Amino acid sequence: MSSSDWVSTSLPYLTPRPQGRGDAWSDEAAAQGRRGTQRITHAGEVPAPPAVAELLGVSGGELVVVRRRVIELDGEPCELTDTFYPVRIARGTRLAGTAKIRGGAVTLLAELGHVGVRVREDVTARAPSAGECETLRIDPDEPVLRLSRLTLDAEDRPIQLDLMTMPAHRQRLRYEIRIG
């Protein structure tokens, strides 16, 4: 897939879905006549790595909930996503399990009373790790994009952190900003 084949925007992934709707990724892929799926490879509590702890506003090593997923387009891996939540939000919820969440995690967060009102995204490029090469089926000389998306609630508290890794040549990220 070339960068012109797939354009990704963030907004559908930040908005709770209407009752009974699928997740944003499946719907976005279907709208383009494609099949978007995901495999959850791990879910549960883990000690927060330093960068995650800093972004979520917790102490290094403090427990957080993570959902690790391989995102696929038409059966091919196109993104690795680790989503982290403070335990005060996610412990004992479906966010801490490996089952797919109808409507997606943002919808469940809203049902639990946690609505994002501000998002900060940072995009960097780097060489992939050996594990990323294997899972994403790319060569070591193919750069990856790393998108960090921090979602904050009305009190400016972090409620979700997504760390996404995707082959750079397969993505074009689009940001639209409305002023006024």
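Compute the distance in nm between two label points, each set 7 Å from the Cα along the Cα-to-Cβ direction, one at Arg88 and one at Asp141.
It works out to 4.9 nm between the two label points.
So if R0 is 25 Å, what FRET efficiency would Arg126 and Ile40 give, r being the distance between their Cβ atoms, rounded to the nearest 0.05? Walk me through the intermediate numbers first.
Details: r = 25 Å, r/R0 = 0.99.
In this case the efficiency is close to 0.50.
Would you tally the net charge around Pro140, using a Cβ to Cβ cut-off of less than 13 Å, leaving Pro140 out, and scoring K and R as +1, D and E as -1? If you can, show how the numbers build up before the last one.
Working: positive: Arg126, Arg137; negative: Glu132, Glu134, Asp139, Asp141, Glu142.
With Lys, Arg at +1 and Asp, Glu at -1, the net is -3.
Does region 96-158 come out rounded, prolate or oblate, given a ≥ b ≥ c as the square roots of the eigenvalues of its C-alpha gyration tensor, rounded meaning a/c under 1.5 and, failing that, prolate meaning a/b above b/c?
The shape class here is oblate.
Provide Asp74, Asp139 in ascending order of the number of other Cβ atoms located within 10 Å of each residue's Cβ, fewest first.
Working: Asp74 12, Asp139 9.
Going from least to most buried by this count: Asp139, Asp74.
Coordinate-derived values only; no laboratory data. Remember, predicted model here, so these are calculated numbers, not experimental data. Every residue, glycine among them, receives a Cβ derived from its backbone with ideal geometry; neighbour counts consider all protein chains shown.
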